[in-house]
Structures are given as C-alpha cells and as structure tokens.
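Contents: one structure, followed by commentary.
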Amino acid sequence: MKKEEENKPNNNRRDFIKTSAIAAAGFMIVPRHVLGRGFVAPSDRLIVAGIGVGGKGQSDIAMFHKSGKANIGFLCDVDTRRAANSVNAFPKAKFYKDWREMLDKEHKNFDAVSVSTPDHTHAIAALAAMQLGKHVYVQKPLAHDIYEARILTEAAKKYKVVTQMGNQGASNDGTRILKEWHDADLIGDVHTIYAWTDRPVWPQGIPWSTAKPEVPKELDWDLWLGTAPYKNYVDKLVPFNWRGWWDYGTGALGDMGCHLLETPFSVLKLKYAKDVQCSVGSVYVDEFKRGYFPESCPPSSHVTLTFPKTEKTLGDVTVHWMDGGIQPERPAELGPNEIFGDGGNGTLFIGTKGKMMCDTYGLNPRLLPLSKNENLQVAQKYARVEGGDAGHYKQWVEAAIAGYGKKEVSSGFEIAGPLTEALLMANLAIRGYDVVRDELGEDVYPGRSAKLLWDNDAMRITNFDEVNQFVKRDYREGWKNLTL
C-alpha cells in the first residue's frame, strides 16, 4: 500500500455503518438515494428496470448493459418463459411479474425504466415510471392511442425526465446524410414521400379464434391483457401475433412506421398531419362475400396523409404509406434490375429537382439515378451518433446519467410523440373503413370513401365522428385511465 493511502482519514462511523448495511442487503450497485443528494455513484452507472424482458425487451436491456454505463437492476415480465434468457443473463436482478408492484416496492432503487411490452401497455407503464421521476426508454410505437402519445409527450416536459423511443434508426448516419443532401438542395423542394413495407408478417384480416386452450402456467394472462378488454386466451397471440389485433397492437403502421417515416419527419421537420384517406385489402370468405373482421387489422393498406408546410418545405407534403407488400411505382431513374429500397421496405423522397431513397432505419441513402452517388461530396452538417443504431441505447443511457436537458437524444418524446400520433391518426382511417351504419335496413360504410379531416388541438376528426372513439380508449376496470 502506498504511504499516502495509508495516511488517508478513515470514513466516519456513520458512513461505515451505512456502507456495510448496503453491502449486507445485497444491492447490486449502491443506489444514489442512499448515498445522499448530489452524490455521484462511484461507477456512474444508470440502474435500469426492464418491463417486458423477452424478445425485443431482451435485446434492449442487453444493449443498455453493453453500453458499459448501465446496470440491469430489476426485471419484470408476465411470462416467465419469455423472461428466462434475461433472468439467466442478469442473475442478480430481482424479478417481478407485475410492473405495478415493482414500481411500488423498488422505485427508490433504480433510475430508469425500459418498456418493451405489447403496444397497449406502453403508455400506462411509462407514465407511471415518469411520475416517479424515472427516465424512460419505450419501444415503438410510443403508444397505442393518440391520446396516450400526447400525454407521454407532455409528461416528459412536466416531470423533466430523459426519454427515448426505440426506433433506433433515428440514430443512424443515413438520416443525417439525407438531411444534409436536402439542405444542400440536391433534390429541390420535397413535396411527396412514399414509404412501404412487407409487413404484416403475422396473421391479419382474420376472425378471433373460438378455441379455448388452457393458459400456459408460466403466463399471467390477466396481467398480459392489462388495460385491454377481457377475452379468453388464444394460442399464438403471445408473444408475437398480438400486433394484428386492435385491442393490443397497431398493425403494420405501428410496427414499421416509426422506422420508415422517422427519416422524412427528421429531414422535413414534419409534425402533425391535417388529413388522411386510405384503401385496404379485402379478405373474401365466399363468392362475392367480403369478410368482416373489425377486431383485426387488414391484410394490406395504402394510406395517404397530408402534412402542412414546414420550415423545410415550400408547401404541403403528401406522404403515402403502403403495407402488406404493396409498393409504389418504381422511379424512372431506377434501373430495371436495381433494388427498390431494400427489396421489401423503403422510403422514397420526391423533390422538384430529383429523388433520393433509403432502406429501413434510414440505412443506405442514395440519390437517383444511382450514378449521382459517384464522387458525391457534401459537407457534414449534423453530428453523428457514435455507433449508429446500436448507439441509440448508449445515447439514452448517457443522457439519463447527465440529467434532463443536458445531452441530446435522437428520439425524445418531443420528437417521437408527434411521429407516433401521425401514424395512429392514419390508423383512424384504416379502422374507419370497417365502421358500419344501418341505414334503411342496409349496411353502409361511410369511411370507405371519406377523407378524414384532423383537428390536432382538439385531437379529433371533424367530419366523421364515429372514428373518434379510437382516439382514446377506456381502460378495463381496475386500470386507471391516464392523467397528468
């Protein structure tokens, strides 16, 4: 031992007893609240609690840990089968099935919460954490309902916590390159956007199963349902196929829209759409008999949104969304054997001087025709995120450690909220397609020929009131509706 270390004063008795008690209690890392206000933990690590730790949740918490600046302190999942890998990976983390119990009992022992549950649970879990002063990382889409997304956006400001949505492509270089090309006026004024996906890759446009299998013993079905209406358990809904059911998911738009439309939002600074219209794919169950399955998202759709002029555009911007494998017409500037997007997904910008496109997550940006990319040199204007999409996780961890407003994040709720709202507003048109009226003994579907006009301040469609029921859900009994 060095002489100067031998001469250092010992901790006083109170600090020694406090430290010893903490060690005896078996904490994985000393919580900041125990060490006192303003004390920086020696490891300067973020203690994260994960809600939903199987599947995407498993990879999310693994990436937080991989940042080298986060400890996974608590795990929560309604399904112990899905949680098993995370439990094995983080054996010191305490496990819960009910996130409400975890927040109630352990909130003093962690700094931040990651929410990676089905869409219908995102907002209620995230808001509860924010109200406890916890930083939150929430998987895309930010929320299930427009109202929920608005509440979370406002909550981030009210509770002054660091937020990030899990659309990791927002941290890629590609989006920043496209912004630089646009700002350099390489394609002129952008007036039209196309985004398309091969999703859904799960069943949609189908009836709810009438079979009544037993609930797996590892799954707490009632907790999984959470805010949604009670229904009997059906096979294969958990862990993946819930995406195709309106009670739990938000369809292909919710699943992929935050990845494919984040880049246009960032490049053009889009916010809230002002109108929407759509057409959807049909499922026929007999000759000339179209199936009617309003609980399930349709097998495919083409949605057209209009966004008002921004500081980055000269006028309104028309955004086309296509899913179920539907794609826009190939640009004339693209060679007959050149890949459109990444093959199944992509985003195309059409300007007054030219076109540019990218793959999912803003990857592989290129001008059209592709020959324009040879020897292309545009000065870097926007700072890059270290690690690109993988750096999305570390970026949030470091921002949370620094504190609210101290470091930039790529998809904070002030950005993610409006993006999510626009996608969910588009879903109003898709859901409105199945709204039926009985007029003189005949079924009429008024939403199938309507352009829906959106009042953003009031959060309502002004010319087709039936779809406003989908702006905000009433939660199941026992689950409190969201309020700030």
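The values are calculated or read from the model by the stated rules, or taken from the named source; none is laboratory data. Here the structure is a predicted model, which means the values were calculated and not measured. Ideal geometry is used to build each Cβ from the backbone, glycine not excepted, and the neighbour counts take in all protein chains shown. What goes into the accessible areas is simple: the full protein's heavy atoms, side chains included, and nothing from ligands, DNA or RNA. Shrake-Rupley method; radii C 1.70, N 1.55, O 1.52, S 1.80 Å.
Roughly how many debye, to the nearest 20, is the charge dipole of the chain about its Cα centre, given +1 on each Lys and Arg Cβ, -1 on each Asp and Glu Cβ, and no other charges? The partial results should precede the final answer.
Numbers: 60 positive and 61 negative charges, 434 e Å.
Rounded to the nearest 20 debye, it is 2080 debye.
If you roll a 1.4 angstrom probe over the protein chains with everything in place, what fraction of the accessible area of the chain belongs to carbon and sulfur, to the nearest %? Provide the component values of the computation, followed by the final result.
Numbers: 11040 of 22260 Å².
Answer for the chain: carbon and sulfur cover 50 percent of the accessible area.
Could you tell me which of rounded, prolate or oblate describes the range 391-458, using a ≥ b ≥ c as the square roots of the eigenvalues of the alpha-carbon gyration tensor, with rounded for a/c under 1.5 and, failing that, prolate when a/b is larger than b/c and oblate otherwise? Display every interim value, and only then the final one.
Working: a/c = 5.41, a/b = 3.83, b/c = 1.41.
Prolate is the answer for the range 391-458, as a/c is 1.5 or above and a/b outweighs b/c.
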**OP:** Using only Cα atoms, locate the centre of the range 107-140 and the centre of the range 284-323, then give the distance between them in Å, rounded to an integer.
**Re:** 30
Original post:
Which percent of Cα pairs goes in each bin when the distances of the range 141-268 are cut into 10 angstrom slices starting at zero?
Top reply: 10, 29, 30, 20, 8, 3, 0
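Once a ≥ b ≥ c are taken as the square roots of the eigenvalues of the Cα gyration tensor of the range 353-398, is the result rounded (a/c under 1.5), prolate (a/b larger than b/c) or oblate (a/b not larger than b/c)? Can you show the working numbers first?
Details: a/c = 3.31, a/b = 2.09, b/c = 1.59.
Taking the square roots of the gyration eigenvalues as a ≥ b ≥ c, the range 353-398 is prolate.
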**OP:** Only helical DSSP H runs with n ≥ 4 go in: add -39500 (n - 2.57) per run for the chain, normalise by residue count and round the 222 nm mean residue ellipticity to 500 deg cm²/dmol.
**Re:** -8500 deg cm²/dmol
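Under 8 Å for C-alpha pairs, at least 6 residues apart: give me the relative contact order for the range 263-364, rounded to a whole percent. Intermediate values should be presented prior to the final figure.
Details: 137 pairs, mean separation 21.0, N = 102.
Computed over the range 263-364, the figure is 21 percent.
Once you have a ≥ b ≥ c as the square roots of the Cα gyration tensor eigenvalues for the range 101-200, tell me rounded if a/c is under 1.5, and otherwise prolate or oblate according to whether a/b is larger than b/c.
Because a/c hits 1.5 or more and a/b exceeds b/c, the range 101-200 counts as prolate.
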Subject >> Accessible surface, per residue, of the chain when the full set of protein chains is kept, probe 1.4 Å, Å² >> reply: 46
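Just the Kirkwood number for the range 324-453, please: inverse of mean 1/r across all distinct Cα pairs, in Å, one decimal.
About 19.2 Å for the range 324-453.
Tell me the volume per residue, in Å³, of the convex hull enclosing the alpha carbons of the chain.
Details: hull volume 92.0 nm³, N = 484.
Dividing the Cα hull volume of the chain by its residue count gives 190 Å³.
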Original post:
Helix 173-183 versus the longest principal axis of the chain: what angle, 0 to 90°, nearest 10, using Cα atoms?
Top reply: 50
Original post:
Packing-wise, with mean Cβ within 10 Å as the measure, how do 342-351, 456-465 rank, highest first?
Top reply: 342-351, 456-465
Subject >> Relative contact order, percent, the chain [alpha-carbon distance under 8 Å, six or more residues apart] >> reply: 19
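If we count GluC sites (Glu not before Pro) as exposed when they sit in a DSSP loop and have at most 14 other beta carbons within 10 Å, what is the longest stretch of the chain that avoids them all? List each step's numbers first, then the result.
Details: sites that count: Glu214, Glu218, Glu287, Glu295, Glu311, Glu329, Glu338, Glu374, Glu386, Glu408, Glu477.
Longest run free of exposed loop sites: 1-213.
Express the relative contact order of the range 259-303 as a whole percentage, based on alpha carbon pairs under 8 Å and six or more residues apart in sequence. Write down the numbers at each step before the final one.
Working: 29 pairs, mean separation 16.6, N = 45.
Computed value for the range 259-303: 37 percent relative contact order.
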